[in-house]
Amino acid sequence: MVYIKSIEMTGFKSYGKGTLTLNFPDGFTGIIGPNGSGKSNIVDAISFTLGELSSKSMRASELSDLIYAKPGDKADKAIVNITFDNSDHKIPVPFDEVSVQREVKRSRTGAVYRFNGQRSTRQEIMDKLKIANIDVKEGFNLVLQGRIAELVGMNPEKRREMIEDLAGTIEFDEKKIQAIEELEKAEIKLGEFDLLLKEVNGNLNKLKKEKESLEKWESTVEEIYESKSILYSYYHQKYLQEMKELQEKIEDITNDIKNSDAEKGDKLQKIQNIKSGIEDINKEIERKQAELEKIRSDLTNKNSEITGIKKDISHNENRNIQIKNEIEQLEKKNKDLKSNQEKLSDNILKISTKLEELNQKKLSKEEEYSKINNLLKRSEVEYKSIEKKIQELDIQVNEVDEKINKLNIQNSMKSSTLGIKEEQYSTGIRELGNRKRILQRIDEDIIIIKNEIDQTRELLEISQNKIKNSISKQESYENILDDLTEKNKDLERGISSIKAKIDTIENFIGETSPVLDAIMKKAKNKEILGIIGRLGDLIPVDDIGLSIEEKATLIPFLNSIIVESAYTAQECIAYLRNEQLGYGSFIPLEELKNLKIKSNQETSYNFESKLEGKLEPILNIFKDIIVLPTLKEAIDKFILDIEKGGHNNQILTIDGDKISREGIIFGGVSSETNEILISELNKKLEIQKEKLDDNLKHIQVNKMKHKKLIQIVTDITKKSEIIRQTMKNKENNLSDLEKRRAEISDFVERTENKVNSLKLEIESTKTLINTFEEDLSEREKKKEELNNSKEELVQEMDKIRYDQLLEKIREVENLLSEINVKYSKLEGEKNNYSSQIDLYSNQIKENEQQIQNLIIQNQQLEKENIKLNSDLIKYQEQLKQKIETENDLKNKLTALNDSIKDENQSISNIRKQISTIDLKLDRYKQKVSEIKINRERISTELENVKLKIKEEEIDIRDIKDDINEKSLENQIFNLTEEKKSLEPINALAIKQYNEANERFLNLKEKREQINEERKIIVDFINKIEFEKKTIFMRIFNKINKEFGILFDMIAGGKAWLKLENPDDPFEGGITIDAEPHGKKVKSLQAMSGGEKSLTALAL
């Protein structure tokens, strides 16, 4: 075990400029000496040499204060050299002895370190010593003053952590954390592989079913094709024959319709002639009706005017009646108001009389009150004068009694305490000397504790700064994790969106064109000469780095077939028409050479290099093409060209829309555009997946960093709490010492004052005791005289009748109060009545004014009625004339209407004849319509059959025998339903099943490998736990043994450490039990203060 063999100190603190050497034997060593002899400086020298940076912890303001500084004999530097015994080579150097030296000079800041005589750095020395478990700051190698109390108050878990630090088990904790992190990674990977295996297995089962469905579906499709070939060939033959028969019937009915139409035309001409005559009569009727309407309008206006005048007259008459009623009501109100005024005036006279009576009564009582009051005042003066004299005599008697009692008590106290004070005086002198010595020792302890508190506060600040930095980093990692998680969600949403677009587009992409396959087959068999190939095969869109605009330019022409001349194109088209294969587009090279296209565009393309030589004329196709991003921009361009005077270009969009030179707009979804779009989307999908994988890796890395940082913050926080508790204990100790010092200082001051005062009191007490008896006799005589005077005054008070006069004056005051209340009440009623009289007068004046105004209004209304009656007679005469003119016009209109009726009767007869012809025509047309409908139905059926024959690519057969249509249709229906029940069919099911099966087996093999790795990690963690526990228990048992030996040496008896949880020592703490010599076993909490200190010192 490493221990200090010797310490050499030169110029250090109180040891002078010379060199002092202290040798320490192996084992337990104690350093003793009086106060101020330098015991603590030896501990400071050890702290200084082993790298302590805080000068305050060594009881100095700065490092230069550690240098010997006797006035006139100062040292220039301080050097301390410690020699360690390293026979077990715990310090990692090949020497049995190791020396560590530190030197500080006055002339410069900083210090010089040496290790075995060679200059070194502080950190290098600290690292080497830590390997041997020597650590001044964090370890328990150097237990400074105050640390003993900390060990006593330490909880069991903290003691266990202290043993863990000494055992160096932190290395195992770090390895365990790393292993757990690796285990978590393995668990995550296993979870991922389990999910993948589950997903792939589900997909594999699905693909197996799809494979079986595909095989059954193909068999059903073949049966459906055979049945449809027979049925559709039969329908085709049948519908063609029915169409021929129906056409012959339509031609016969059409001839009959022509004859009936000629007869109907003659009848309609007659009706037209009659209608011309009726129109002339109607014009005359319209003129007469216009005159009649004008007269009726005039009549309506006159009636309205007459009605208005009558209403005005009636309104005025009603208003006159209303005014007269209002005048009568106002006159009645005035009469009532005047009556009320008279009543109120009578009430005021009565109240005035009562007020006069009350006033007379009040004056009488006030005069009586004045007489009694004067008599009472004279009695009160005499009464109070006597009463005051009695009170003064009582006070004097009490004072005399108190002085007598006080003198008796003082006399007995002074006599009995004189000896006590003399004893107190001698005791105070002795206590004063003891307390001054205690005060000196407390001052020294306060200085030491303050230095320790400053050192602890510095450690706490360092820990707090570390925690703040770690928390800041932790928040930073949390923000990064939030951002990465949000980004992960965005990427997943983006991938889902792209996949959905690809699925949607793939659903719209059809199969390859049969036209292209058929033409290329003819070219391959050399049945049609001059076919060069498909343009899309000559220009590989995805391989030459084309822009999206260039791709959009090529898309409409990619499936076009390049031929040498227009004649070759003619031959190909004839073949397609004869074979009913479909529609194709062809590019003739020979004709394109001479094609002149008018265009404002001069555009070059990246695919031009692919069309050199004889293919170069194809570029003429693209000279007039403009490509724009959207259809809206294309239409805007098209409209602008037309406004400018001409549209000579083709306009295409990236989505495949087209505006031709002729102005025809094509749009929608094309398979070529979708294929390009799928290619672009697949590229984006791959990029998004790569980003997602990178993002997931970043999330995992930041989670690990975040977890480690939380562990660091927890560890620092625990250590900070230990430091804070230590500082709190020291502050409490300092506070207790300062309180004790204040108490002792106060006690010393009070004791000095008390000793001086006791000396004076002893002298004065003897004098006072002699004078007390003389005062007592004088006080007794004075008390007797005062009691006699009091008896005489009491007899004199009884002769005065003060109480009777006081009662009488109270009766008079009550009567006056009642009179004043009644007077105030009557006066209030009088004022109220006067206010009401004034109010009624104002209302009467207002009513009289309203009556006058109403009389004037009545006169004006009578004048207005006279004028209105005159106007009424005039309008009635004009109305009579208008009515006569209206009757004359009505008679003329009746005659004209009778003539129109006669003409209409003629038209009705002719129309009946035309109706008969129309019925005949309708019957003919109905027959034609029925035949046409039937023909259209058969034609539609025939077209449907042809379409189905084309769609199903059926070869038409010649059906001679009759077939059962319904039975065959039912058979096709049942087969189709069976086919639908199998759909949707995955055409790649067999290939996909084989690939999925291979992937499933690979994933299963990888999962087994990861599971093996996980088992290895779990075994490694268990091994770490076992090694950690073994080392801990070895150190614990060794400490426990040494602790027992040292306790016996220091205190006598037994002491031992005890694990709270022996089976799992890291899940509990360490308690201390001791059995001091001659006592029972005790826990640390049950020990006395001295026993606790000895136990902690041994530990």
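Some values worked out for this structure:
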| read-out | value |
| --- | --- |
| Extended-chain gain in nm, criterion 0.36 nm per residue less alpha-carbon gap, Glu212 and Ser1088 | 306.4 nm |
| 25 °C / 0.890 mPa s Stokes-Einstein diffusion coefficient of the stretch 155-260, Kirkwood radius on C-alpha pairs, µm²/s | 104 |
| Protection proxy ranking, peptides 945-958, 2-15, average beta carbon neighbours within 10 Å, highest first | 2-15, 945-958 |
| Fully extended contour minus Cα-Cα distance, from Lys912 to Glu317, at 0.36 nm per residue | 207.4 nm |
| Whole-Hz couplings from phi, Karplus 6.51/-1.76/1.60, listed for the stretch 921-927; x for Gly and Pro | 5, 4, 5, 4, 5, 4, 5 |
| Residue-by-residue Karplus 3J(HN,Hα) for the stretch 465-472, coefficients 6.51, -1.76, 1.60, Hz, glycine and proline x | 4, 4, 5, 4, 4, 5, 5, 4 |
| Cβ-derived FRET efficiency at R0 30 Å, Thr29 paired with Phe95, nearest 0.05 | 0.85 |
| Sequence of Tyr924, Tyr823 once ranked by neighbouring C-beta atoms within 10 Å, starting from the fewest | Tyr823, Tyr924 |
| Added length on full extension, which subtracts the Cα-Cα distance from 0.36 nm per residue, Ile253 to Lys830 | 195.4 nm |
| Leu240 versus Glu930: modelled label distance in nm, points set 7 Å from Cα along the beta carbon direction | 2.9 |
| Estimated inter-spin distance, Ala895 and Thr717, nm [label 7 Å along Cα→Cβ] | 12.1 |
| Estimated FRET transfer efficiency when R0 is 60 angstrom, pair Gln440-Glu690 (beta carbons, to 0.05) | 0.15 |
| Estimated inter-spin distance, Glu291 and Gln725, nm [label 7 Å along Cα→Cβ] | 12.8 |
| Principal axis dimensions, largest first and in whole angstrom, of the stretch 1-142 by Cα | 46, 34, 26 |
| 5 angstrom amide H check on Ser6, placed H, neighbours 5+ away | Phe24, Thr83 |
| Cut-off under 5 Å, modelled amide H: who pairs with Gly1053 long-range | His1077 |
| Paramagnetic reach from Arg750 (point 7 Å along Cα→Cβ, amide N under 18 Å) across the stretch 426-454 | 426-439 |
| Local net charge near Ile917, Cβ-Cβ under 9 Å (Lys/Arg +1, Asp/Glu -1) | 0 |
| Rounded FRET efficiency, nearest 0.05, which uses the C-beta distance separating Leu921 from Ile956 and R0 of 35 Å | 0.25 |
| Sequence-distant residues sharing a close amide H with Ile626 (under 5 Å, placed H) | Gln650, Ile651, Leu652 |
| Members of Lys176/Lys718; Lys466/Lys719; Lys206/Lys980; Lys5/Lys56; Lys697/Lys718; Lys728/Lys1028 lying beyond 23 Å, as alpha-carbon distances in this model show | Lys5/Lys56; Lys697/Lys718; Lys728/Lys1028 |
| Amide N of the stretch 1025-1042 lying under 18 Å from the label point, which is placed 7 angstrom from the Cα of Lys1054 along Cα→Cβ | 1037-1042 |
| Cα-based equivalent ellipsoid, the stretch 282-356: semi-axes from gyration tensor eigenvalues, Å | 72, 9, 4 |
| The stretch 27-74 versus the stretch 1029-1099: alpha-carbon centroid distance in Å | 31 |
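None of the figures in this text is laboratory data; all of them are computed from the coordinates on show. Just so it is clear, the structure is predicted and the values come from calculations on it, not from any experiment. So basically every Cβ, Gly included, is an ideal-geometry build from the backbone, and we count neighbours across all protein chains shown.
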